[in-house]
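Where a number appears in this text, it was derived from the coordinates with a stated rule and is not lab data. None of the values given here were measured: they were computed from a predicted structure. Here the Cβ positions follow ideal geometry from the backbone for every residue, glycine too, while neighbour counts run over all protein chains shown.
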Amino acid sequence: MGIKPTYIKTLGEELIAKHGGRFSRDFEENKLAVAELALIESKRVRNRVAGNITRRLNRKKRI
């Protein structure tokens, strides 16, 4: 069993909505910000959420 992609997407959307100014287009910075803002114990889940946020911000900049 694993973490469902909808959980990752929902958590990413909530974090962007509440703390949008804390995130950038850099994965490493977003990884640290997610660790500070969310109570995620698993490194893998934290990285997936940070990656989702980074991908969203990069896509938004392109369009």
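Here are a few things to note about the model shown:
- Segment 5-62: Lys pairs at Cα distance under 16 angstrom, eight or more positions apart or on different chains: 4
- Total charge dipole magnitude, the chain, about the Cα centre, Cβ charges on Lys, Arg, Asp, Glu only, Debye to nearest 20: 360
- The order of Ser24, Ser42, going from fewest to most other C-beta atoms within 10 Å of their C-beta, is Ser42, Ser24.
- Per residue, the convex hull volume that the Cα atoms of the chain enclose (Å³): 80
- The 3J(HN,Hα) values that the Karplus relation (6.51, -1.76, 1.60; θ = phi - 60°) gives for segment 32-46 are, in residue order, 5, 5, 5, 4, 6, 8, 10, 8, 10, 7, 7, 5, 5, 5, 4 Hz. Gly and Pro appear as x.
- A Gaussian network model of the chain, with springs between Cα atoms under 10 Å, assigns the largest mean-square fluctuation among Glu28, Glu13, Glu36 to Glu36.
- Structure-based [θ]222 nm, the chain - -39500 (n - 2.57) summed over DSSP H runs of at least 4, per residue, nearest 500: -24000 deg cm²/dmol
- Between Lys61 and Glu28, the simple label model (points 7 Å from Cα in the Cβ direction) yields a spacing of 1.5 nm.
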